[in-house]
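Asker: Following this message is one structure expressed as structure tokens.
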Amino acid sequence: MKIIKKAQAGSFESSDILILAENPEGVKGRVIQLNSIVEKQYGNMILKIVNNVLDKFEVADIHLVIHDKGALTPVIKARMETVLLRASNNQKGTMY
Amino acid sequence: MRQKRRTMLYIPGNNPAMLIHGGTYGADSLLLDLEDSVALEQKDSARILVKNVLKNINFYGAEVCVRINHLDTPFGMEDLKEIIPLKPDAIRYPKTETIDDLKRLVTVMEEIEDQHNISHDEIKIHIMIETALGVQNVFEIAKLCHRLDAITIGGQDLTADMNIKSTKDGSGIDLARKMIVMAAKANKIDAIDTVFVDIDDEEGLRRETEKSKNLGFTGKAVINPRQIDIVHEVYTPTEQEIRKAYKIYKEFKIKKKEGIGVFAVDGKMVDAPVVARAKYTLQLAHINLQEI
């Protein structure tokens, strides 16, 4: 999947996660900036989930800015899927 | 006995905190909403979130329904494609107005179910009646298909459709309430009353729920977890009611063996309808009739 535009998904609300995705020219590989209220305890786990979703959608080059407010795994997966579909212009059934 | 649906809690489909904790609030039924509580530009986000939550979150035995968008919108078809494979207990269809609306929903659901090897009777259908046209047609709609398991009145949309004020006494939608209950009862399915929007007015909620129960509604939709206990209290038989029902049913079993159909308990006549009400009360109280 190719990232062709800037997109975001999620929110700053408790139990949610806000993810911004883009692919600025020249960026190669995955650049992930994570900011989480539970970073010390779960930072590595969050990054693992994020990378698993990127693998699933075969995204090689991307810049992600992530603000986590204690989202559980299904929420992280959902917001990642949403932002990738939006950033690749593959979102369906929405006015986004 | 059918699953109890005393309360049906609305949970906005794009609200992770409420979705994750949905099963802990104690409602009999949860309504994960992809329709009115979700902004148009967040429909994809909510759909994907609800899909992931359905896959992974424990709802502790509560019935799980998903309210999709109408198939006339750009969102309804995608909702069904994503949600049906996850087999929620029921799909709730908004703004059902004609039998053609329901037929179309069933056809689309069956096509998706066939693609995923899901039988056609696994996922129930709940419909919402929330326009004057829907009320006019509710008797025809209610008998259309065996998958239809509950009818809900959407009070806010109905008052808007009728161009009347939404009042606390619900006088403007009184006829609609009664017609929907009759249509549901005639087809042995549940009737769920509309929400009570003033979250802080607990006595008002209690009064309205008592009215709903007396009209024949089997439960009430709620918009805040704080409303659950009040509705449950109204819909749960009191100890006195259970004791009375127990006495009637026990006497009925004795008289039945003697070939007597009509008898008296505490000086009051008991016949078949009284026994039926007693049975219903005992079932609501989870009392095994075989053990009486």
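The values are calculated or read from the model by the stated rules, or taken from the named source; none is laboratory data. Predicted model, so just to flag it, every value in this text is computed and none were measured. Methodologically, a virtual Cβ is constructed for each residue, glycine included, from the backbone with ideal geometry; neighbour enumeration extends over all protein chains shown. Accessible surface is based on the protein model in full, side chains and every heavy atom, while ligands, DNA and RNA are left aside. Shrake-Rupley method; radii C 1.70, N 1.55, O 1.52, S 1.80 Å.
Asker: In the range A:61-96, what residues are within 11 Å of chain B (Cβ to nearest Cβ) and among the polar types (S, T, N, Q)?
Answerer: A:Thr73, A:Thr82, A:Asn90, A:Gln91, A:Thr94 - these are the residues of the range A:61-96 that are within 11 Å of chain B (Cβ to nearest Cβ) and among the polar types (S, T, N, Q).
Asker: Kindly indicate whether A:Glu58 is modelled with pLDDT under 95, more than 12 Å from chain B (Cβ to nearest Cβ), part of a loop (DSSP other than H, G, I, E, B) and under 20 Å from A:Ile3 (Cβ atoms).
Answerer: When the stated conditions are applied, A:Glu58 does not pass them.
Asker: Let me ask you something else. Which of the following residues is touching a Gly at 6+ places or on another chain (Cβ under 7 Å) and either hydrophobic (A, V, I, L, M, F, W, C) or modelled with pLDDT of 95 or more (or both): B:Ala186, B:Ala191, B:Ala221?
Answerer: After applying the criteria, what remains is B:Ala191.
Asker: Also, quick follow-up: Could you list, in sequence order, the residues of the range B:2-32 that are assigned to a strand (DSSP E or B), open to solvent by less than 10 Å² (accessible area, probe 1.4 Å) and closer than 14 Å to B:Asn224 by Cβ?
Answerer: B:Thr7, B:Met8, B:Leu9, B:Ile11, B:Leu30, B:Leu31
Asker: Inspect the range B:217-226 for any residue being surrounded by 13 or more Cβ atoms within 10 Å (Cβ to Cβ), basic (Lys, Arg) and free of Cβ contacts under 8 Å to residues at least 40 places away in the same chain and give the result as yes or no.
Answerer: Within the range B:217-226, one or more residues are surrounded by 13 or more Cβ atoms within 10 Å (Cβ to Cβ), basic (Lys, Arg) and free of Cβ contacts under 8 Å to residues at least 40 places away in the same chain.
Asker: More than 11 Å from chain A (Cβ to nearest Cβ), under 24 Å from B:Leu144 (Cβ atoms) and open to solvent by less than 20 Å² (accessible area, probe 1.4 Å): does that describe B:Leu80?
Answerer: no
Asker: Of all residues in the range B:111-139, which are open to solvent by 60 Å² or more (accessible area, probe 1.4 Å), more than 25 Å from B:Lys220 (Cα to Cα) and charged (D, E, K, R)?
Answerer: Within the range B:111-139, B:Glu111, B:Asp114 meet the criteria.
Asker: Among the residues of the range A:1-36, how many are outside any strand (DSSP E or B), touching a helix residue (DSSP H, G or I) at 6+ places or on another chain (Cβ under 6 Å) and crowded, with 16+ Cβ neighbours inside 10 Å?
Answerer: Counting residues in the range A:1-36 that are outside any strand (DSSP E or B), touching a helix residue (DSSP H, G or I) at 6+ places or on another chain (Cβ under 6 Å) and crowded, with 16+ Cβ neighbours inside 10 Å gives 4.
Asker: Among what's in the range B:33-50 and is part of a helix (DSSP H, G or I) and open to solvent by 20 Å² or more (accessible area, probe 1.4 Å), pick the residue that is farthest from the other protein chains (Cβ to nearest Cβ).
Answerer: B:Gln42
Asker: Continuing with the same structure: Pairs, please: C-beta under 7 Å, at least 6 apart or cross-chain, first residue over 21 Å from B:Ala150 (Cα atoms) and within 11 Å of chain A (Cβ to nearest Cβ) and in the range B:7-20, second part of a helix (DSSP H, G or I) and open to solvent by 40 Å² or more (accessible area, probe 1.4 Å)?
Answerer: Final answer for the pair search is B:Asn14/B:Gln42.
Asker: Taking the range B:51-71 as the region of interest, how many residues are of a type in the set (D, E, K, R), more than 13 Å from every other protein chain (Cβ to nearest Cβ) and open to solvent by 10 Å² or more (accessible area, probe 1.4 Å)?
Answerer: The qualifying residues number 1.
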